[in-house]
1. Rounded to the nearest whole Å³, what is the per residue volume of the convex hull around the Cα atoms of region 145-303?
2. DSSP loop (so not H, G, I, E, B), at most 15 other Cβ within 10 Å: list which trypsin sites (Lys or Arg not before Pro) in region 110-184 pass both filters.
3. Provide Rg and Dmax in Å for region 167-256, with only Cα atoms included in the calculation.
4. Report the residue, chosen from L152, L112, L61, that carries the largest GNM mean-square fluctuation when the chain is represented by alpha-carbon nodes joined by springs under 10 Å.
5. Quick one: check the C-alpha center-to-center distance for region 144-212 versus region 1-68, whole angstrom.
6. Is region 102-144 rounded, prolate or oblate when judged by the Cα gyration tensor, a ≥ b ≥ c being the square roots of its eigenvalues, rounded requiring a/c under 1.5 and prolate requiring a/b larger than b/c?
7. Pick from L130, L21, L151: which residue has the top mean-square fluctuation in a GNM of the chain where Cα pairs under 10 Å get a spring?
8. Over the chain, what is the mean sequence separation of C-alpha contacts under 8 Å (at least six apart), divided by residue count, expressed as relative contact order in percent?
Amino acid sequence: MNEPSFTLVQLRYFEAAARHLSMTAASKELVVSQSAVSTAIAQLEKEMGVQFLLRHHARGLSLTTAGEAFYKRVLNFLAHGAELVETARQSGTELVGTLTVGCFATLAPFRLPSLLARFEARHPQVHVSLREGEHQALKTALRSGGTELALLYGYDLDDDIDRQVVGSVAPYALVPEDHRLARRKSRKVSLLELAEEPMVLLDLPHSREYLQSVLRDVGVEPRIRHRSTGYETVRSLVASGHGFALLNQRPPDDTTYSGAKAVPLTLTDAVPALEIVVASMRGARLTRRAQEFRELCRTHYTR
């Protein structure tokens, strides 16, 4: 049985069409005629014996189930093809090219800048492109090939996503500077002591469920006064006396954007810490750039 024969050009044309879900948009990006893109993809499908794209008159394209699976493989193949060229040009002495990294929004300000500084110092010819977002958006980006790696919390990761733990953060309580508990020398508190207090909730998908579960697991029902998707907004609301909050990432200074202070208190309850992970698609062969970045996260994230 003869193995299928295809060209790199056919794969590139398919990748562009599948990404845009449009032959017209793909031809504009590739600076070739629309018929050239259409013909190349048709030849690819004929050679493979599988239909990858469904053509809809005046409504663009859609991927078949086989097309979706093939598209992910093509992204990986093209990425390694580009790396092969770069490696040959550089004689294997230096990493070059672009690495796209996703990062959960509330994690990004704390460790990502120093990680990038270290990585760029080691590999100055690699351009790191950042994609900051929420948990679901980052998972979608991994699956679509929009990012090769993502730095996020270790919850709600499906079986098709691989992960390497690089750190952990325990939740803590946050209260205004003039709060009765803020004057406690130990700076420690039990969640039961906050049972009657109003709460300011960091209202991000998964984060809100996790933070409320921390309270409910010790028998405290949250009394939510305000919700916000902004980490610093939550801290400022607490500092101004609108309630307490539970957070995981702890800034080095208690001063908030409003100028008032919010005091962190360590929890005495046995609350599990959240894992921080570097995620990638299971089964995908990472580029050397991604491997180096993941290793740097493993060795330097918690420092």
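1. Taking only Cα atoms, region 145-303 has a hull volume of 132 Å³ per residue.
2. R184
3. Using the Cα atoms of region 167-256, the pair Rg, Dmax is 12.2, 35 Å.
4. Taking springs between Cα atoms under 10 Å, the residue moving most is L61.
5. A separation of 44 Å, based on Cα centres.
6. On the way: a/c = 3.95, a/b = 1.59, b/c = 2.48.
Because a/c hits 1.5 or more and a/b fails to exceed b/c, region 102-144 counts as oblate.
7. Result: L21 has the largest fluctuation of those listed.
8. Computed over the chain, the figure is 19 percent.
The values are calculated or read from the model by the stated rules, or taken from the named source; none is laboratory data. Owing to the predicted nature of the structure, the values given are computational and were not obtained by experimental measurement. Because the Cβ atoms are built from the backbone with ideal geometry, glycine has one as well, and the counts that use them run over all protein chains shown. Note: accessible area is taken over every heavy atom of the protein model, side chains too, but ligands, DNA and RNA are not part of it. Shrake-Rupley method; radii C 1.70, N 1.55, O 1.52, S 1.80 Å.
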